[in-house]
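The values are calculated or read from the model by the stated rules, or taken from the named source; none is laboratory data. Everything quoted here is computed from the prediction, not taken from an experiment. In this analysis, Cβ positions are derived from the backbone assuming ideal geometry, glycine residues included, and neighbour counts consider all displayed protein chains.
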Amino acid sequence: MLGHRGCRLGVTFPEIYRMQVRAIVLAACAVSATGVDVHPEIMVPLVAHVRELSRLRALVEEEIRQVLLSHPDARVKPAIGTMIEVPRAALTADQIAAHADFFSFGTNDLTQTGYALSRDDAGKFLPDYIEEGILGDDPFVSVDEEGIGRLMQIGVEGGRRTRKNLKVGICGEHGGDPKSILFCARLGFDYVSCSPFRVPVARLAAAQAAAELGREKRR
């Protein structure tokens, strides 16, 4: 996941992002014209530095403005946010939040970068780590609350210091893990997203997490 990808492509090849944003907003305008209430969210990936997001947000906003000039009747106002998936982004979330309407924690990649692991070959040795008691759980299955979870906590707290009502969620396979969903609920996350086949489990786990937090408050 390292290298020339994510928002870095948007910085060096802005025409790629302009094309993608234009397609999103044009599609939203077309759906809005049918009477559907549309709320598109545009998420900038792999941000590590606040100036990456501030630069790309300006580009995204300008492209949105250009599209809406030709669709003056469209009731479309896209939200612009970012993925928090590298440690530096979590640690500087207070700065990044000044340019983000929402955060989505990409915990798959945050786990990779936090552990210096690759999902491509981690399966070759993680079972040994679990069997030998080095790790209690596979960190790609359940969020490592002590390490990666601490980065998430720093990110949420920092982001909401800057933007009190910042919308925060998680995307990735952890979003379908009941243990991880409870942890995210305790951090004050607003939503989880996951693969379609995990949705039933995620919905049940989210309801159970809400009930558990309710019981904890009454104690």
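Here are the numbers for this structure:
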{"read-out": "Hits in the range 167-185 - residues which are over 17 Å from Phe103 (Cα atoms) and outside any helix (DSSP H, G or I)", "value": "Asp177"}
{"read-out": "Subset of the range 26-44 [of a type in the set (Asp, Glu) and out of contact with any strand residue (DSSP E or B) (no Cβ under 6 Å at 6 or more places or on another chain)]", "value": "Asp37"}
{"read-out": "Flag for Thr107 being modelled with pLDDT of 95 or more and more than 15 Å from Gly6 (Cβ to Cβ)", "value": "yes"}
{"read-out": "In the range 112-168, the residues that are surrounded by 13 or more Cβ atoms within 10 Å (Cβ to Cβ), over 15 Å from Arg186 (Cβ atoms) and of a type in the set (S, T, N, Q)", "value": "Gln112, Thr113, Thr162"}
{"read-out": "Meets criteria (under 17 Å from Pro87 (Cβ atoms), part of a strand (DSSP E or B) and at pLDDT 95 or above) for Ile154", "value": "no"}
{"read-out": "Single residue of Ala30, Ala89 found to be of a type outside the set (Asp, Glu) and touching a residue at least 60 places away in the same chain (Cβ under 8 Å)", "value": "Ala89"}
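Yes/no matrix, rows are residues, columns are (1) in contact with a Leu (Cβ under 9 Å, 6 or more places away or on another chain); (2) not assigned by TED's automatic domain parsing to the domain that holds Val47; (3) not polar (S, T, N, Q):
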| position | (1), (2), (3) |
| --- | --- |
| Asn108 | no, yes, no |
| Thr111 | yes, yes, no |
| Gly114 | yes, yes, yes |
| Leu117 | yes, yes, yes |
| Pro127 | no, yes, yes |
| Ile130 | no, yes, yes |
| Asp144 | yes, yes, yes |
| Gly149 | yes, yes, yes |
